[in-house]
Structures are given as structure tokens and as C-alpha cells.
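The values are calculated or read from the model by the stated rules, or taken from the named source; none is laboratory data. Just so we're clear, the structure is a prediction, and the values are computed from it rather than from any experiment. Cβ coordinates were reconstructed from backbone atoms using ideal geometry, including for glycine residues, and neighbour counts include every protein chain displayed.
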Amino acid sequence: MKTHYGVIGFGPVGRVFAAHLAQNGHRVSVFYRNPTVRIAMRGHPLEVKGELTASAEVTDLYSDMQAFLDTGIDVILICTKSSDSPGILKLIKSLNHRDDILFLSCQNGLDTEHQISDIFGPGHALRMSVNMGCGKSSENVVRVSFSMCHYLSLMPDVDEDITHQIADDFTRAGTPLEVRADYRTEVFKKALLNSSLGSLCAITRHTMSNIMNRDPMRKMVAQIIAEGIQIAQAMNIPITDDFLDQALSYLEKGGNHKPSILIDIENSKVTENEYMCGKLTRYAEEYGVEVTLIPIIYNLIKTTES
């Protein structure tokens, strides 16, 4: 039996995963709020182009949450912004749903899996570290600028066979996913990447390459990452000092890409700042780590949002 996946948050990441899974024969149900989604998908395949390619008809679309849940989904991919998911999860909790449903956070930021476990319990929560840059070219086309292996949490309270099945489903669909017991290390690394370059893109309104090609800005990226490494080490998360060079090398591949936090700023929306620089700032305070730039960046973005 193919796994039945649900997607909540039909932005670029949700669309990339939906297209690949549907193309590989999985049933994919989508919950949407924007009415243009149904219009765009009517008679047109959902297409992924660039570093990844996929094409699939996605017609299992629902604007009513109960109708979405009534389809009998096995695994729901949470692809919304981190700031949006608590309200969505509380809504699902109040409705009729499968007792054994799993939620997989495919989001940016630290501790988004805790949003799930706080409401449904740890046996329902999985976390993915997503390593991909993508954006919509049109309502039914997503262009992927870079994509690497993603990482999936091996949680003690979630059946290991199911976790490996999900990873296998994604990998066979063309989006490689590796199960990791130390997933939090990968999540923290990704949070440092987003909190550094992504945050500076949001403040300056420049793309990734525009920041990395300016030496003063590149040094600021490096300082944020270095401060984040200190926080991780204080928390006994095994990220060594040489991650700094690895991170800068990774970020240099971002190209002329606008990270989602910049797009949110451009559209006057609340960003995931609280789950990136905000979480890092609070962890620095909790563990007594002296940092300089991370709190500044956090407050600059917070002020921009308000």
C-alpha cells in the first residue's frame, strides 16, 4: 500500500513534495486557504523545474479542514510558516481525525516538532531538515534553485519502520531523505544557515548571492554562524568549529535566490524570525552564552515586522 500524504501549506516546499510524491503514485491530499490554488490546479499539472523535475496532476484539494481529514491521511506534511502551525494544529485537534495520524514538520526554525508533540503527544511528531531552495514561477510551476539530501528525525516514540518507510517514499520519489537519530544537529545547522544569510537578506532586501558577494556582509554572515556554534556547543549539540567553513561554502551555492523570510518581509507578513534568531537569542540567555549580532538581527527583523 502506498502511503497517503496530506500537505498543509501549499507554498513552494509543499508543492515540490506534493508533485514528487504524487508522480510516484502516492495519493496526495492538499489543504489550501488561497482560492487561486484550485483555479491554478484545474486542468494543469503541478510542475517542478530546475535542479529537481516533476509533473503531476494534483486534484485532491480541500478548503475545509474536516473534509481534508476525512480522506484518511496517514502522514500530514506541515509546510506552513512556523508561526502559523500552532493554530492549525489546534484546529485539527478539535476535529475528528485518525488516532494514529503522524505529523511531519517540514519547516524552518528550531523546535517546530515541539509544536506537534505539545498538542498531539510525542508519538505523533516527526521533523525534517529541508535542504532546498525553491520559489514559485507561476501558480502551478515551482523552480528549484538548489537541492541536497534532507534529514528525517528518528524519534523514540514513533515506530521506526514507519519512519524509514517515509524516508524511502521520499527518496524513491526523487527527493532523497535520510533518517538520522541526531536529527537535531542537522536542524540546528539549518537554523544557523537561515538565521545568518536569510535574516540578512530580509533586512537588506537582497538575494543570497548579493549578500555573499559583498565582503562586509559575508563577514556578518560568518559572525552569526560562529555565535550560533557557540550556543550549540553550550547545549551539547555536537557542532564543531569547522562547521563555519562548511556553512559558508553551502551558502555560496544559494545563487540569486530570495529566501522565504525575505519574501515575507516584502509582502508585509510575519516571518519565522521567532523560531530562528529569536530561539537562538533565548537559548543564548538560558545557557549563558555571550552573543552580539544574533540579538541585534532578531530585534531588527522584529521591528521591521511591527
ARG218: outside the structural domain of ASP84 (by TED's automatic domain parsing), out of contact with any Lys or Arg (no Cβ under 8 Å at 6 or more places or on another chain) and over 20 Å from THR303 (Cα atoms), yes or no? yes
Could you list, ordered by first residue, the pairs with Cβ atoms under 9 Å in which the first is in region 284-306 and in contact (Cβ under 8 Å) with a residue 12 or more places away in the chain and the second is basic (Lys, Arg), at least 6 apart or interchain? GLU305/LYS269
Please tell me if LYS81 is out of contact with any strand residue (DSSP E or B) (no Cβ under 8 Å at 6 or more places or on another chain) and surrounded by 15 or more Cβ atoms within 10 Å (Cβ to Cβ). yes
When both residues are 6+ apart or on different chains and their Cβ atoms are under 6 Å apart, which pairs have a first residue that lies in region 183-198 and is over 19 Å from VAL221 (Cβ atoms), and a second that is among the aliphatic types (A, V, I, L, M) and surrounded by fewer than 24 Cβ atoms within 10 Å (Cβ to Cβ)? THR185/ILE237
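Can you say whether ASN256 is over 19 Å from SER82 (Cβ atoms), assigned by TED's automatic domain parsing to the domain that holds ARG205 and not hydroxyl-bearing (Ser, Thr, Tyr), as far as the supplied structure shows?
Working: over 19 Å from SER82 (Cβ atoms): yes; assigned by TED's automatic domain parsing to the domain that holds ARG205: yes; not hydroxyl-bearing (Ser, Thr, Tyr): yes.
Yes: the conditions hold for ASN256.
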Within region 107-153, residues being among the hydrophobic types (A, V, I, L, M, F, W, C), buried (at least 17 other Cβ atoms within 10 Å of the Cβ) and part of a loop (DSSP other than H, G, I, E, B) number 2
Within region 223-244, count every residue that is surrounded by fewer than 17 Cβ atoms within 10 Å (Cβ to Cβ) and of a type in the set (D, E, K, R). 2
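Residue by residue, here is whether (1) without any contact (Cβ under 8 Å) to a residue 40 or more places away in the chain; (2) of a type outside the set (Val, Ile, Thr); (3) surrounded by fewer than 19 Cβ atoms within 10 Å (Cβ to Cβ) holds:
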residue	(1), (2), (3)
ARG15	no, yes, no
HIS20	no, yes, no
VAL37	no, no, no
MET41	no, yes, no
LEU46	no, yes, no
LYS49	no, yes, yes
GLU57	yes, yes, yes
ALA67	yes, yes, yes
GLY72	no, yes, yes
